[in-house]
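No lab work stands behind these numbers, since they all come straight from the coordinates. No experiment lies behind these values; they were computed from the predicted model shown. Virtual Cβ from ideal backbone geometry, glycine too; neighbours counted across all protein chains shown.
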Amino acid sequence: MRIQALMCCLAAGVLALGQVPTDLLLQYPVPNLFVSGGKAVYVLPPRQVFFGSVSPVEVRDDSQYLAFIGDQDGNQSIPDPSPYRGYTFNVGPQKALYLLNLASGETVRLAGLPDSDNFVISDLHWLTGSKELYLSGYKNEDAFAILYEPESKRLVDIRMADAPAKNILPLLVAGQDAVVFFEPIGGKGGTTQLSIYSIAGRTWKTVQLDANGASFYSDGQHIYSVAYDREIDDIRAIQEFDVASGRLGPVVHPMHEVQKYPPYNVWVDKGNVIIGEGWDGQQFSKTEGRPANIPVRIPAEAFWAGCTNDGRFAYSVDRSGLNLIPLKALTDAEFEALFRDNVRNQAMRRAKQVATAMMIYGSDYDDLLPPVDDWQSRIDPYMKNRELANGFVYLLNGDDLSKISDPSNTTLGVVDTPFGSATVRADGSVVWKDRPKTATLRSIGQD
C-alpha cells in the first residue's frame with residue numbers, strides 16, 4: 001500500500017508537467033525520487049565527509065559552508081543539542097571547529113581556537129545576512145567570543161572580559177567594523193541596552209534605548225528596532241539604529257528579507273533520514289485535495305539531519321560522523337531518461353523472475369510448461385513475489401520444452417511497456433527490444 005500511495009503522490013506532482021500518466025507511474029515506481037513543486041528530485045547515495053563525533057551542523061545562509069564541532073577520536077562525547085537556541089558541547093583538547101566548503105568538498109579545521117581541557121562552546125551560528133561565523137563559550141570559566149569569515153580568513157577575537165554585561169545576545173552585525181549585541185533590561189516594555197564592539201579599536205561602548213518593547217534585528221547591513229505586525233504576519237522595521245551616533249532614527253534603508261529556508265523537509269525518524277515535502281512526521285498534508293508526496297527514506301542510525309538553503313544537499317550525523325547527501329532536481333529530459341531506464345530495468349527483472357520460475361517448473365514436470373488457463377498459480381511456488389508475474393503475457397500452452405526445435409528464438413512470453421518489451425525465450429533467456437522513438441512520455445499520457 002505504501003508503494004501504491006507513493007506512486008499516486010509522485011504522479012500527482014509530475015503530471016502537473018504533463019509528463020507521465022498515473023497508471024504508468026503506479027506500475028513502475030522510481031526509487032529514491034520525490035516530487036517538490038511539480039519537479040522530480042533525485043536523492044543520490046550518501047557519502048561520509050567527516051569521521052568522528054560531530055555536533056549539530058550550522059549552514060550558512062548562502063549554502064556555501066557547513067560548520068560543526070568535530071572530534072576525530074570519535075568517542076561520541078558530544079551530546080545532543082540543547083532545546084534552546086545555541087548549543088552546549090563538551091569540547092576537549094582533541095576537538096575543534098571544522099568548516100566544510102560545499103563548492104570544493106574540502107573540510108578544514110579552523111586554527112586559532114582555545115586549546116584547553118576546560119574549553120566549552122556554548123553558541124555556534126552564522127550571523128544572519130552575513131558571511132561570518134560567530135563562536136562563543138568559556139575557557140577556564142572565562143567567556144570568549146570569535147568572529148570568523150572563511151573567504152578572507154579573518155578571525156576576530158572579541159574581548160568578552162571587557163563586555164559591559166554578562167547576558168548579551170550576539171545576534172547583530174553591522175558592516176565590517178562593529179559587532180552589536182543587545183540585552184533587554186527591565187522586562188517587557190522596558191529599555192534595551194546595546195553593547196557595541198569596535199573591531200578596529202577592540203573597545204566597547206554601551207547605549208541604552210527606550211525601545212518600547214521592540215526587539216532588534218539586522219539584515220547584515222543595517223540594524224533596526226522591529227515589532228510584529230499582525231496585518232503582514234511578519235516583523236516590521238520601526239526605527240533604524242545608527243552605530244556611529246548610537247541613536248535610533250527614522251528608517252532610511254529598507255529592511256531586506258534575509259531569512260532563508262531549505263526547499264525540502266529533512267528530518268530523522270527512528271534513526272532513518274527522511275527527505276521530502278509536505279510531511280510533518282505524523283501525517284500527510286493535503287495539496288489541492290491530493291495526498292502530499294511521500295518522502296524518500298534512507299536507512300540509517302542518524303541523530304539529526306538537515307538541508308542546505310539552496311536544496312543541493314541534505315546532511316545527517318550518526319555515530320560515525322557527518323554524511324552529505326546530494327539532491328538533484330531533474331529537468332524534464334533527465335527525468336524522462338531516468339524513467340525510461342527504470343521501466344526497462346524493472347521489466348527485465350520481472351521477465352527474468354518469470355523465466356526462472358518457468359524453467360524450474362518445467363524441470364519438475366518433465367519439461368512441460370504450465371497450461372495457459374492457470375499458469376500463474378502453477379508457478380507461484382517458484383516466485384519470490386507473485387506480483388512480479390503481473391503484466392506478463394504468456395504465449396505458450398503446456399508445450400514440451402524438449403520438443404521446441406529452436407528455443408532461443410521461440411517466444412515464451414512478454415512484459416510489454418510503452419518504451420519497449422522484455423521478451424522471455426523458451427531457453428529462459430530474456431532480451432529487450434526498444435519501441436520506436438515516436439513514443440514519448442507526453443504522447444503516452446494523451447488519449
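Checking the Cα-Cα distances for K139/K270; K270/K352; K260/K328; K39/K260 against a 24 Å cut-off, the pairs over it are K139/K270; K270/K352. Database remark: amide H of N32 closer than 5 angstrom to no amide H (H placed geometrically; neighbours at sequence offset of 5 or more, or on other chains; Pro and chain starts carry no H). Amide H contacts under 5 Å for I223: F241, restricted to partners 5 or more places along the chain or on a different chain, H placed in the peptide plane at 1.01 Å from N.
Normalised by residue count, region 312-447 yields a Cα convex hull volume of 169 Å³ per residue. Across region 59-71, coupling constants 3J(HN,Hα) worked out from phi with the 6.51/-1.76/1.60 Karplus curve, θ = phi - 60°, read 10, 5, 3, 8, 6, 8, 9, 10, 10, 7, 8, x, 10 Hz, and Gly and Pro carry x. Phi angles of region 363-370 translate, via the Karplus equation with coefficients 6.51, -1.76, 1.60 and θ = phi - 60°, into HN-Hα couplings of 5, 7, 10, 6, 6, 8, 7, x Hz per residue; Gly and Pro are given as x. Phi-derived couplings, Karplus 6.51 cos²θ - 1.76 cosθ + 1.60 at θ = phi - 60°, listed residue by residue for region 156-161: 10, 8, 7, 6, 6, 5 Hz, with x used for Gly and Pro.
Put simply, the amide H of Y365, placed in the peptide plane, has no neighbours under 5 Å, leaving out anything fewer than 5 places away on its chain.
With the simple spin-label model, which puts each label point 7 Å out from Cα in the Cβ direction, the V431 to L155 separation comes to 6.7 nm.
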